[in-house]
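J.: Below are the structure tokens for one structure; questions will follow.
The values are calculated or read from the model by the stated rules, or taken from the named source; none is laboratory data. Predicted, not measured: the structure shown is a model, and the values here were computed from it. Methodologically, a virtual Cβ is constructed for each residue, glycine included, from the backbone with ideal geometry; neighbour enumeration extends over all protein chains shown.
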């Protein structure tokens, strides 16, 4: 079930849609995230960026 606040938000977007520049910025951000994900998925995560895990003596 959709929250009634979502309907209010959707009506605001329908009456005042985002500008073309804002839509392009959102698409660019999504593409950058997808590229980073694909690089990590197929190339791998560098060992230099992996944090060291130290076990506490106890």
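J.: What do you reckon, is residue 48 loosely packed, with under 10 Cβ neighbours inside 10 Å, part of a helix (DSSP H, G or I), out of contact with any helix residue (DSSP H, G or I) (no Cβ under 8 Å at 6 or more places or on another chain) and modelled with pLDDT of 90 or more?
T.: Criteria not met by residue 48.
J.: Within the bounds of region 20-33, is there any residue that is assigned to a loop (DSSP other than H, G, I, E, B) and surrounded by fewer than 10 Cβ atoms within 10 Å (Cβ to Cβ)?
T.: Checking region 20-33: not a single residue is assigned to a loop (DSSP other than H, G, I, E, B) and surrounded by fewer than 10 Cβ atoms within 10 Å (Cβ to Cβ).
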